[in-house]
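Since the structure comes first, as structure tokens, the remarks are kept for the end.
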Amino acid sequence: MTENGVVCQRGKVLTTDTMNPNVKKVEYAVRGPIVQRAVQIENELKEGVKKPFSEVIRANIGDAHAMGQRPITFFRQVVALCSYSKLLEDDKFPEDAKNRARRILQACNGGSIGAYSASQGIECVRQDVARYIERRDGGITCNPDNIYLCTGASDGIVAILKLLVSGEGRTRTGVMIPIPQYPLYSAALADLGAVQVSYYLDEDRCWALDVSELRRALVAARQHCSPRALCVINPGNPTGQVQSRQCIEDVIRFAAEEHLFLMADEVYQDNVYAEDCQFHSFKKVLYEMGPEYSDIVELVSFHSTSKCYMGECGFRGGYMEVINMDPEVKAQLTKMVSVRLCPPVPGQALLDLVVNPPQRDEPSYSTFIEERAANLRDLATKAKLAQEAFNRIPGITCNPVQGAMYCFPRISLPERAVAEAREMGQAPDMFYCMKLLEDTGICLVPGSGFGQMDGTYHFRMTILPPTDKLKIVLDKVKEFHQSFTQHYS
Amino acid sequence: MFGLGTINPNVRAIGGSQEHDLHRRAAQIRAELQQGVSKPFSDIIDVSSGDSHLTGMMPVTFVRQVIAACLCPALIHSDDLPVDVRRRAQDLLAQLDGESMGSYTDSCGAPNVQCSVAEFITRRDGGVPASPQNIFICGGSQRALALLLEILIPNDGPPYTGVLTPVPTYKTFTMLLEETGTVMVPYQLCEEQGWVLQIDELRRALRDSRGHCSPKVLYVINPGNPTGHVQTMKSIAEVIQFAAEEELFLLADEVYQDTVHGDNSEFISYKRVLFEMGGEFSETVQMASVHSASKGYMGECGLRAGYVELVNIDHTVMPFAEWLIGTKICAPVPGQVALDIMARPPQPGDASYVQYTQEVQAIQETLVHNVRRAQEVLNSLPGMSCQLPEAGIFVFPRLQFHPQVAEHAKKAGVDADLLYSRRLLEDSGVCVSPGCEYGQRDGTHHLRLCVLIPTNTLDEMLTRLTRFHLRFMAEFF
């Protein structure tokens, strides 16, 4: 104490020593250091610093609108009508959009999107989601009570993971995730203090999921934790593979045998480009395998408004369907979601339109169909373009981009480059991507951010930039790769 | 199969909300009314939640016009909307990637919104500077609080971290503590003195907690929820000093800052007081302050928009906070637009200024009128006393029950105020929030009612409540 009685020597409460240690382990490569550097470079360009390029091209994040994809007109009209209801008198808005808006507003508390909804989501939206799932899955019943609307699929995924994590030491929950994976999973597991159990997708067979590899990972994990859940991303992120129906059956069988809780991340379900591929929902396959499986396998599947053809990331809309969850556990889930009050209502409204789009006899139908087809066609074209371009570059190979929104090419790096990277304490593909960014302004995410087999290197690039820009990006990557390889040989 | 025994024990530990049961029952009654079942009332009046739109308060036009124009940029080029709406939408869109609300923003929020909020805070605090880098935009204040607890609470106990929490406090905060495995260290607010925060009680709570947890955080709600109490500058300074002495992280929930209606009250932010206490404190006390677009005159609960301002957080810790919020990707963009308007409303001379000001004034007048009317009516009822709050959108009357009511409630296995609330719902269609949800001194009973509702709805609600109350009291007398 000083003379005037004031305490002057006191430690800070929140330091890197006293903070939650789990948070220190959280990494999310999609927005990691390379993006921070990209932002710096953008600022430098704005300040007039001279660079060998005039703009940063952000091919790091699955954000279609950021790269110029146009929103679906009908969806925006309806949500605008819901936001400012005076527009219901404006004859510039089509009647079917107005009907949808009135229906949504009627279902909102107080008739306003500004009121809290029920924590599980607006009831009529959940009912519409259930009907959408039934249509998608050839009539297999969906109970709206099993639908939870969430703040993007990520929110739902984290909620389920949080619900499932328990135990300590050898009984601590292990969660099986694919490698390579969308790094939300590893970040969430680190944050929750759950054990990550990695299973490797087979790059040589187009990122196929092998049950034998699942089994290997599971057996090894049982030595040090209690594996309880299995996550599958289909179509895959970053890998873009679309699992075959047989594969999905095998996974379900495996989950049943090993008593694993299945989490199916299906946010890219409309993003399927390869002609010989088709999206099969886990739920549909599960039910078609008969009651021996459909009565017992616990499954949660996730969908979102952020991807597919609408790309409305900013709305943070999504849902999860829980199947065969113990009723007492489900009650806990319902209680848990109430702590965040409710998902954003504009996102719920948007989701309602995604699952309940214009019908054939409605005025907005033809425009809607055109816009949807154009977006998906554009993505399919760019998927093919990117994949073929990468495969033509010596030292780069790229598996077919069967679906989703990304290429995940494998790059071979000269030994000297690998050595220099290690000296700098950087993962070799981070080293590569940083140099690419500095030289060309192209921002990609290194494969190390997603996980990969030891000794292999990749990067993830989105297929989202407009076609002409994408072509430039591909050319620049080619040039860069050649000069990088030469320099370090 | 996953059973209760294998799920996260912290999730199991989250206390169930009685209010949710009331809401479920209210939904059932609504359905019954729709089916034509005869009841002594024709509709449910739900004043249980801090949601003004729920009962029919209207949104602020400017907010909704801007959001609509951002959603449908074609509106920007039409004359149907005022010119300042169109310009604001244009400016906001220009700052979004791809000029679309459908893009993700930066994880901590769209930079222009962070700037607006920082400028708002600086103006509010009489020039005490706020930096956009210390503003994190979140999907509501509840998510902001969850984020802060996630960073602060190590959770690898025992000893488990303790958070000093006022009693009464609102239920979802206590549920959040339970979810994070944090120990709630209650400090009683003093009802007899208008729900003031007493430093001696803080000291007592802290002292008593030291045996069974590691107290680290001091959570204050100012203006209070459910109490509506507004702390004086002296009180805030005392709390800050206490936090400094005891090395506690100050978590200031200030979401009702725009709802001060008491004649002799003024909201002063914790940050401002901290700053005015001089370098000794202003450079060392660590603090986070939370605000939201859900309360106040905008009442945009459904948009999910809030922010936290971090004060004196180490530069070594900030990157982790940024990475953590990065995993949520970003806050919903429509909500960020609402926040921008809250921070930077129309100014004199703007096309929408007059209408905007009129609407806000009307909402404020409704609140002032309703608070006074509700307090007057409720305070005049036998067995009910109601203080006039200084801020917030609730009244929090105290019920004095005949001992028979308590016995009856005990037999039914519920708190007396929950029993009362259930009966009130069944008999009159009025849904309130029972005091047991908030914590209260043993043997005391309260109700929380939202009064930021259309005035005629308030009158109807008070009529029904009065009728019910007199009958209920007579029954047990």
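Listed values, structure above:
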{"read-out": "Kirkwood Rh, angstrom, the protein assembly as shown [1 / mean 1/r, Cα pairs]", "value": "29.3 Å"}
{"read-out": "HN-Hα J in Hz across the range A:207-221 - Karplus 6.51, -1.76, 1.60, θ = phi - 60°, x for Gly and Pro", "value": "6, 5, 9, 9, 5, 5, 6, 4, 5, 4, 5, 5, 4, 4, 5"}
{"read-out": "Förster-model FRET efficiency, 56 Å R0, residue A:88 and residue B:283, C-beta, rounded to 0.05", "value": "0.55"}
{"read-out": "Gain in span if fully extended, residue A:95 to residue A:468, counting 0.36 nm per residue against the direct Cα distance", "value": "130.6 nm"}
{"read-out": "Total charge dipole magnitude, the protein assembly as shown, about the Cα centre, Cβ charges on Lys, Arg, Asp, Glu only, Debye to nearest 20", "value": "580 debye"}
{"read-out": "From phi via Karplus (6.51, -1.76, 1.60), per-residue ³J(HN,Hα) for the range A:261-272 in Hz, x at Gly/Pro", "value": "7, 8, 10, 10, 8, 10, 5, 9, 4, 8, 9, 10"}
{"read-out": "Sequence of A:205, A:31 when ordered by accessible area, the most exposed leading, probe 1.4 angstrom", "value": "A:205, A:31"}
{"read-out": "Global size of the range A:266-361 as Cα Rg and Dmax, reported in angstrom", "value": "15.9, 44"}
{"read-out": "Equivalent ellipsoid, the range A:325-441 (semi-axes from 5 times Cα gyration tensor eigenvalues, Å)", "value": "42, 28, 14"}
{"read-out": "Solvent-accessible area, 1.4 Å probe, carbon plus sulfur percent, for the protein assembly as shown", "value": "49 percent"}
{"read-out": "For the range A:160-268, alpha-carbon Rg and Dmax in angstrom", "value": "13.0, 37"}
{"read-out": "All-pairs Cα distance distribution in the range A:124-179, expressed in whole percent, bin size 5 Å", "value": "4, 16, 16, 17, 16, 14, 10, 5, 2"}
{"read-out": "Computed label-point distance, nm, for sites residue B:459 and residue A:168 using a 7 Å Cα→Cβ extension", "value": "6.2 nm"}
{"read-out": "Helical mean residue ellipticity (222 nm; -39500 (n - 2.57) per DSSP H run of 4+; nearest 500) of chain B", "value": "-13500 deg cm²/dmol"}
{"read-out": "Given 16 as the ceiling on other Cβ atoms within 10 Å, longest exposed-site-free region of chain B for trypsin sites (Lys or Arg not before Pro) in DSSP loops", "value": "B:211-440"}
{"read-out": "Förster radius 25 Å - calculated FRET efficiency between residue A:103 and residue A:143, Cβ distance, rounded to 0.05", "value": "0.70"}
{"read-out": "Inverse of mean 1/r across different Cα pairs in chain A, Kirkwood, Å", "value": "24.2 Å"}
{"read-out": "Residues of the range A:57-95 with amide N under 20 Å of the 7 Å Cα→Cβ point at residue B:77", "value": "A:68-78, A:80-81, A:90-94"}
{"read-out": "Karplus (6.51, -1.76, 1.60) ³J(HN,Hα), θ = phi - 60°, over the range A:149-161, in Hz, Gly and Pro reported as x", "value": "6, 9, 8, x, 5, 3, 4, x, 4, 5, 4, 5, 4"}
{"read-out": "Spin-label model distance (nm) - residue A:53 vs residue B:474, 7 Å beyond Cα toward Cβ", "value": "8.1 nm"}
{"read-out": "All Cα pairs of chain B, percent lying beyond 44 Å", "value": "14 percent"}
{"read-out": "Area projected by the alpha carbon convex hull of the range B:235-377, averaged over all directions, nm²", "value": "11.9 nm²"}
{"read-out": "Sequence-distant residues sharing a close amide H with residue B:256 (under 5 Å, placed H)", "value": "none"}
{"read-out": "Reciprocal mean inverse distance between Cα atoms of the range B:11-130 - Kirkwood radius, Å", "value": "18.9 Å"}
{"read-out": "Shielded by partner chains, the range B:290-321 residues - at least 50 Å² of accessible area, 1.4 Å probe, vs chain alone", "value": "B:302, B:304, B:317, B:320"}
{"read-out": "Solvent-accessible area per residue for the protein assembly as shown (1.4 angstrom probe, square angstrom)", "value": "37 Å²"}
{"read-out": "Two-decimal Rg/Rh across the range A:36-115, once Rg and the Kirkwood Rh are taken from alpha-carbon atoms", "value": "1.26"}
{"read-out": "Heavy-atom accessible surface that B and A bury in contact, both chains counted, 1.4 Å, Å² to 100", "value": "7400 Å²"}
{"read-out": "Dimensions (Å) - the range B:332-453, Cα atoms, principal axes, largest first", "value": "62, 35, 28"}
{"read-out": "Cβ-defined net charge surrounding residue B:82, 11 Å radius [Lys, Arg +1; Asp, Glu -1]", "value": "-1"}
{"read-out": "Calculated FRET value between residue B:411 and residue B:192, using beta carbons and R₀ = 30 Å, to 0.05", "value": "0.50"}
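The values are calculated or read from the model by the stated rules, or taken from the named source; none is laboratory data. Bear in mind the structure is a predicted one, so any value in this text is a computation, not a measurement. All Cβ positions, even for glycine, are placed from backbone atoms using ideal geometry, and neighbour counts span all protein chains on display. Ligands, DNA and RNA are stripped out before the accessible areas are found, and what is left, the full protein with its side chains, is counted by its heavy atoms. Shrake-Rupley method; radii C 1.70, N 1.55, O 1.52, S 1.80 Å.
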